[in-house]
1. Please verify whether A:S90 is assigned to a strand (DSSP E or B), over 29 Å from B:G109 (Cβ atoms) and open to solvent by 10 Å² or more (accessible area, probe 1.4 Å), treating the condition exactly as stated.
2. Filter the stretch A:51-69 down to the residues that are touching a residue at least 40 places away in the same chain (Cβ under 8 Å) and either open to solvent by less than 30 Å² (accessible area, probe 1.4 Å) or within 12 Å of DNA strand D (Cβ to nearest atom) (or both) and list them by number.
3. Return the pairs, sorted by first residue and then second, in which the second residue is more than 7 Å from DNA strand D (Cβ to nearest atom) and open to solvent by 70 Å² or more (accessible area, probe 1.4 Å), the first residue lies in the stretch A:70-97 and is within 14 Å of chain B (Cβ to nearest Cβ), the beta carbons are less than 7 Å apart, and the residues are 6+ apart or on different chains.
4. Residue under question is B:A127, and the condition is that it be within 8 Å of another protein chain (Cβ to nearest Cβ), surrounded by fewer than 22 Cβ atoms within 10 Å (Cβ to Cβ) and closer than 30 Å to A:K81 by Cα; does it hold?
5. How many of the residues making up the stretch B:72-102 are near DNA strand C (Cβ under 10 Å from one of its atoms) and under 28 Å from A:D130 (Cβ atoms)?
6. Looking at (1) within 7 Å of another protein chain (Cβ to nearest Cβ); (2) open to solvent by 70 Å² or more (accessible area, probe 1.4 Å); (3) modelled with pLDDT under 90, which one does A:H3 not meet, given that it meets all the others?
7. Scan the stretch B:99-116 and give yes if some residue there is touching a Pro at 6+ places or on another chain (Cβ under 8 Å), assigned to a helix (DSSP H, G or I) and modelled with pLDDT of 95 or more, otherwise no.
8. So which of A:I44, A:I30 is open to solvent by less than 30 Å² (accessible area, probe 1.4 Å) and either modelled with pLDDT under 95 or not assigned by TED's automatic domain parsing to the domain that holds A:Y103 (or both)?
Number of protein chains: 2
Amino acid sequence: MEHDEEIGSGPAVSLLTGLDMSHIRLCPAIGFNRIVGGRYKLHILCVLHRGPLRFGEIGRSLVKGGLGNPVTPRILSRELKDMTRLGLLSRKEYPVVPKKVEYTLTPRGEALLPILSEIIRWGATGAHEDILATTNASAE
Amino acid sequence: MEHDEEIGSGPAVSLLTGLDMSHIRLCPAIGFNRIVGGRYKLHILCVLHRGPLRFGEIGRSLVKGGLGNPVTPRILSRELKDMTRLGLLSRKEYPVVPKKVEYTLTPRGEALLPILSEIIRWGATGAHEDILATTNASAE
DNA sequence: CTGCATCCTTTGGGATACTG
DNA sequence: CAGTATCCCAAAGGATGCAG
């Protein structure tokens with residue numbers, strides 16, 4: 001390969017989109033991983049896409065979404081806190097007796113939804129289940 | 001919330017795409033994470049999208065893509081091996097003196113490219129850099 | 001109900017050195 | 001060049017129990 005100026009830190013245009021990336025320093029794929037790289041973050045965005053959910057409801061959604069074992073509150077709490085801190089979610093606490101907290105996507109979080117759409121479109125063909133059925137990969 | 005049959009394991013249609021997901025058991029977002037959840041896997045798909053690359057070249061691409069520190073061969077080897085085992089990549093070894101191995105996207109790997117496109121489209125706005133600039137998050 | 005505190009296990013990632 | 005072998009460390013994830 002002679003020139004690969006579009007691969008790395010100072011790509012010009014190209015890649016898959018034809019967009020100008022000259023002002024971007026960090027590869028979006030790496031950034032994406034850092035931001036939603038947690039085990040549940042992507043799925044949290046997924047279940048939150050059509051409205052606010054409560055702490056416990058998010059947890060139960062994860063179980064139903066394919067995890068066998070329930071998410072422990074500590075983990076869920078941390079994921080939610082991370083995402084809130086990064087501005088992906090907003091947290092609203094209602095001052096009622098059985099405590100009630102709702103999490104909602106912020107515009108920053110909603111900006112990720114097109115990616116989610118594409119993931120679901122990909123998954124609708126069964127691609128992920130096919131891949132994970134390859135030999136094992138189902139471990140854990 | 002009264003009924004949330006579209007969230008979890010047996011979603012009917014909806015979500016973001018309007019596609020029928022009734023036959024899908026595992027949430028695509030979770031599957032996606034399991035498949036390309038490694039730190040470099042997504043980026044590897046990214047740099048491979050327009051043609052085969054050699055082992056060392058992939059490593060260097062990762063550095064240029066935003067990682068500060070080079071990827072150690074052990075990690076890169078494992079990532080590549082994982083992805084090859086899952087059928088995302090194919091590995092071609094040339095019987096020449098300075099050993100030469102090329103990795104190429106398979107159709108299974110290419111099926112992920114629309115997702116990559118969407119990630120790059122998202123990143124082209126600087127979204128990931130904005131988010132990661134929030135307070136810290138740049139740790140490591 | 002929504003978390004936090006503590007402790008522990010597993011995994012992922014990294015450094016270094018070495019081989020075909 | 002393309003890995004493998006060892007050893008190690010940090011982080012992610014989990015179990016349990018408790019508190020506002």
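The values are calculated or read from the model by the stated rules, or taken from the named source; none is laboratory data. Nothing here was measured: the structure is a model prediction, and the numbers come from that model. Cβ atoms come from the backbone with ideal geometry, glycine included; neighbour counts cover every protein chain shown. Surface accessibility is based on the protein's heavy atoms, side chains included, excluding ligands, DNA and RNA. Shrake-Rupley method; radii C 1.70, N 1.55, O 1.52, S 1.80 Å.
1. So A:S90 fits the description; yes.
2. Residues satisfying the conditions are A:G51, A:L53, A:F55, A:I58.
3. A:T84/A:R91; A:R85/B:T135; A:G87/A:R108; A:L88/A:R108
4. Details: within 8 Å of another protein chain (Cβ to nearest Cβ): yes; surrounded by fewer than 22 Cβ atoms within 10 Å (Cβ to Cβ): yes; closer than 30 Å to A:K81 by Cα: yes.
Yes, satisfied.
5. Of the residues in that region, 7 qualify.
6. So the condition that A:H3 fails would be (1).
7. No, the conditions are met nowhere in the stretch B:99-116.
8. A:I30
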